[in-house]
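Scroll down for the structure; my scribbles are underneath it.
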Amino acid sequence: MNRGSIGIVLLGVISLMGLTRNIMADGSPAKLRELKDVELQRIENALPAKATATPAKPRKILVFWLCNGYFHESIPVANKALEMMGKKTGAFEIVTSNDMNDFNAKNLSQFDAVVFNSTSKLDFNEPSQRQALMDFVKGGKGIIGIHAAIDNFYSWPEAAEMMGAIFINHPWTAGGVWAIRNAEPNHPLNAAFNGEGFKIKDEIYRSKPLNLKENCRVLLTLDLNDPATRNAKGADANDVNMPIDWIKNYGKGRVFYCGLGHNNEVFYRAAILQHCLDGIQFAIGDLKVDATPLKESK
């Protein structure tokens, strides 16, 4: 092999190493990107016109987006959708953060809820931070999880059970169109779906439920009656009615989890944004709905 060929090979190896490093690199960027005007317009077009319930008082939400694992490109889109939703409907205002130091009793006392916006691999290693979060929700505040919010708390079982499930994998990948079953057609938090299921291009998680039947009201599940959903690579019969969205009471507080949100386009869909608004208003205590678990839910 001549010197030129060796150089080409070395460049190829270096490029491959860089590509591998980028593929394997996890964690949040230092700063989120700004959305383009066309993205902002698509969010605006899909936003609910008003809050479903009149806020009992001005509401403030901490939207947390730190990732120690996989970083979802949809995070800045979801952050902006929540910001715009709060301003347009008057239901709440948001503060965004990726600083774990914000989890202390004094800081959390100003908020009505915490949103875990596709956070990943959070463990809350400091006991004081764990205590602050648990006191927050058990004392009557709200927790909202978007998509990867169940990809956390692997070494903190209490928080994992609070969320309701733990991520396993995703046979239903982001490029596919999958069927969603409306498990509670008459539930107020599913009003946006008009009593029907729907299809969506998104990444759907297979999760390990943590006492969901006993502790949560499941709102949306996977629908394996749809051939494409049933025949996804890696899907099996045990995935029937795999939970996707749910609510629960936790202590004196409330939890709302929405498993959708890998793809940016999810936050351009009016029904999804209405569903999220209603779930958030439940979590912060303004929208009173039945969170009683149904034993037949899976």
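Of everything in region 203-262, what is basic (Lys, Arg) and over 15 Å from His275 (Cβ atoms)? Give them in sequence order.
Correct list: Arg206, Lys208, Lys213, Arg230, Lys233, Lys248, Lys252, Arg254.
Of all the residues in region 24-47, those that are in contact (Cβ under 8 Å) with a residue 24 or more places away in the chain, surrounded by 11 or more Cβ atoms within 10 Å (Cβ to Cβ) and assigned to a helix (DSSP H, G or I) number 6.
Counting only strands (runs of 3 or more DSSP E) that sit wholly inside region 195-284, those with at least 3 residues that are out of contact with any Asp or Glu (no Cβ under 8 Å at 6 or more places or on another chain) and buried (at least 17 other Cβ atoms within 10 Å of the Cβ) are 204-209, 243-250, 253-258.
The residues of region 166-194 that are of a type in the set (S, T, N, Q) and either more than 16 Å from His147 (Cβ to Cβ) or loosely packed, with under 14 Cβ neighbours inside 10 Å (or both), listed by number, are Asn169, Asn182, Asn186, Asn190, Asn194. In region 166-205, what residues are within 23 Å of Val255 (Cα to Cα), in contact with a Lys or Arg (Cβ under 6 Å, 6 or more places away or on another chain) and touching a residue at least 40 places away in the same chain (Cβ under 8 Å)? Within region 166-205, Ile166, Ile168, Asn169 qualify.
Take region 171-194 and flag every residue that is farther than 15 Å from Met242 by Cβ and part of a loop (DSSP other than H, G, I, E, B).
Quick first cut of region 171-194, residues farther than 15 Å from Met242 by Cβ only: 174-175, 177, 184-194.
Once the filter is applied, which keeps residues that are farther than 15 Å from Met242 by Cβ and part of a loop (DSSP other than H, G, I, E, B), region 171-194 yields Ala174, Gly175, Glu184, Pro185, Asn186, His187, Asn194.
May I ask you to say which residue of Ala113, Ala91 is of a type in the set (A, V, I, L, M, F, W, C), at pLDDT 95 or above and touching a Gly at 6+ places or on another chain (Cβ under 9 Å)?
Details: Ala91 fails: touching a Gly at 6+ places or on another chain (Cβ under 9 Å).
Within the list Ala113, Ala91, the selection yields Ala113.
Can Asp223 be described as in contact (Cβ under 8 Å) with a residue 60 or more places away in the chain, touching a strand residue (DSSP E or B) at 6+ places or on another chain (Cβ under 9 Å) and farther than 28 Å from Leu133 by Cα? Spell out the reasoning first.
On the way: in contact (Cβ under 8 Å) with a residue 60 or more places away in the chain: no; touching a strand residue (DSSP E or B) at 6+ places or on another chain (Cβ under 9 Å): yes; farther than 28 Å from Leu133 by Cα: yes.
No; evaluated as a whole, the condition is false for this residue.
Just give me the residues in region 245-278 being among the β-branched types (Val, Ile, Thr) and under 18 Å from Glu161 (Cβ atoms), in sequence order. Once the filter is applied, which keeps residues that are among the β-branched types (Val, Ile, Thr) and under 18 Å from Glu161 (Cβ atoms), region 245-278 yields Ile247, Val255. Among the residues in region 226-239, are any under 18 Å from the mean Cα position of the chain (by Cα) and under 18 Å from Glu196 (Cβ atoms)? No, the conditions are met nowhere in region 226-239.
The values are calculated or read from the model by the stated rules, or taken from the named source; none is laboratory data. Values in this document were obtained by computation on a predicted structure and should not be read as measured data. Glycine gets a Cβ as well: all are built from the backbone with ideal geometry, and neighbour counts include every protein chain shown.
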